[in-house]
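Would you mind keeping the following structure in view while I ask a few things?
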Amino acid sequence: MSPSPTPSGPSTPGWTAEEQAAITAAKARYLAARAAAGKALEKPEGVRSPVLEAAGNGGAWLQSILERLDFFTRNGLYQSGTSRIISTEPSSVDLNTEQPTVILKSCIDGTGVQMRYRATGKPVPVASTVGGGKHGVNARFVYAANAAGKKMWFLIEEKAAGAC
């Protein structure tokens, strides 16, 4: 009787050196892009797109930030507290396209994030927790030229990916 094969756990992709460099750069850009977005939401008046783009915010992600900034400014609101990236793991890397792509699966903790009234500093009573606790996201990055023509990684989208 021949022995049964031993089941193994899920395999993790072996990233090439070039892919690992892209992952490392995308992770660094993720921290910078989210930090710039958080800082902008703390003081939304007068924040302009170039500041956010310079930190690596782009695409649908940048558009969502600009819409929130506009909403906050029009309604006398701001955000207090910052979300934290608890964990980040690469889920895919494609460097063989016109705009190379990295997707990171991340766990974000927005527990301490609140929307507040600018005039009083008091929390907005309904939907006061903007961050919504811990949640998983798939963050998509592309390697593209910025306004000055320099190529860099841009966070272009965050999609909900369930609990983490």
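The values are calculated or read from the model by the stated rules, or taken from the named source; none is laboratory data. Predicted model, so just to flag it, every value in this text is computed and none were measured. Backbone-built Cβ (ideal geometry, glycine too); neighbour counts: all protein chains shown. Ligands, DNA and RNA are excluded from the accessible area calculation, which covers all protein heavy atoms including side chains. Shrake-Rupley method; radii C 1.70, N 1.55, O 1.52, S 1.80 Å.
Could you work out what % of the accessible surface of the chain is carbon and sulfur, using a 1.4 angstrom probe and leaving DNA, RNA and ligands out of the count?
Roughly 55 percent of what the probe reaches on the chain is carbon or sulfur.
Report, to one decimal in Å, the Kirkwood hydrodynamic radius for the stretch 92-164 based on all distinct Cα pairs.
On the way: mean 1/r = 0.0684 Å⁻¹.
That comes to 14.6 Å for the stretch 92-164.
Report, in deg cm²/dmol and to the nearest 500, the calculated mean residue ellipticity at 222 nm for the chain, where each DSSP H run with n ≥ 4 adds -39500 (n - 2.57) and the sum is divided by the residue count.
Numbers: 3 runs with 48 residues, N = 164.
When only DSSP H runs of four or more count, the value is -9500 deg cm²/dmol.
A further question on this structure: Might you work out the accessible area of TYR143 for me, using a 1.4 Å probe with all protein chains in place, and round it to the nearest 10 Å²?
TYR143 exposes around 70 Å² with every protein chain in place.
Just need the Rg to Rh number for the chain, please, alpha carbons only, Kirkwood Rh.
Ratio of gyration radius to Kirkwood radius for the chain: 1.09.
Counting pairs of alpha carbon atoms under 8 Å apart in space and at least six apart in sequence, what relative contact order in percent does the chain give?
21 percent
Right, here's the next one. Working from Cα positions, state the angle (0 to 90°, nearest 10) between the long axis of helix 59-74 and the longest principal axis of the chain.
20 degrees
Quick check: residue separation of THR120 and THR16 times 0.36 nm, minus the Cα distance between them. What number comes out in nm?
Details: separation 104, 0.36 × 104 = 37.44 nm, distance 5.25 nm.
Roughly 32.2 nm would be gained on extension.
Among the lysines, select those whose C-alpha is under 29 Å from the C-alpha of LYS122, and discard any that sit fewer than 8 residues away in the same chain.
LYS39, LYS43, LYS134
Here's a follow-up. Nearest 20 debye, what's the magnitude of the dipole of the chain about its Cα centre given +1 on Lys and Arg Cβ and -1 on Asp and Glu Cβ?
With only Lys, Arg, Asp and Glu charged at Cβ, the dipole is about 640 debye.
With a sphere of radius 10 Å drawn around the Cβ of THR88, what net charge do the other residues whose Cβ falls strictly inside it have (Lys, Arg +1; Asp, Glu -1)? Numbers along the way, then the final one.
Working: positive: LYS27, LYS105; negative: GLU89.
After counting each charged neighbour, the total is +1.
Over the stretch 91-164, calculate the relative contact order: mean separation of alpha carbon pairs under 8 Å at least 6 apart, over the residue count, as a percent.
Relative contact order comes out at 29 percent.
Same structure, new question: Give me the distance between the Cα centres of the stretch 68-82 and the stretch 132-164, rounded to whole Å.
Cα centres, the stretch 68-82 to the stretch 132-164: 21 Å.
If I model a spin label as a point 7 Å beyond the Cα along the Cα-Cβ vector, how far apart are those points for SER49 and GLN63 in nm?
1.1 nm
If the cut-off is 18 Å between C-alpha atoms, which aspartates and glutamates fall inside it for LYS150, apart from same-chain ones fewer than 8 positions away?
Here the aspartates and glutamates satisfying the reach criterion relative to LYS150 are GLU53, GLU98.
Give me the one-decimal nm value for the distance between modelled label points at ALA35 and LYS159, 7 Å along each residue's Cα-to-Cβ direction.
2.9 nm
Could I ask something else about it? Can you give the Kirkwood hydrodynamic radius for the stretch 59-114, in Å, rounded to one decimal and based on Cα pairs? Before the final figure, lay out each step's value.
On the way: mean 1/r = 0.0718 Å⁻¹.
One over the average 1/r among Cα pairs gives 13.9 Å for the stretch 59-114.
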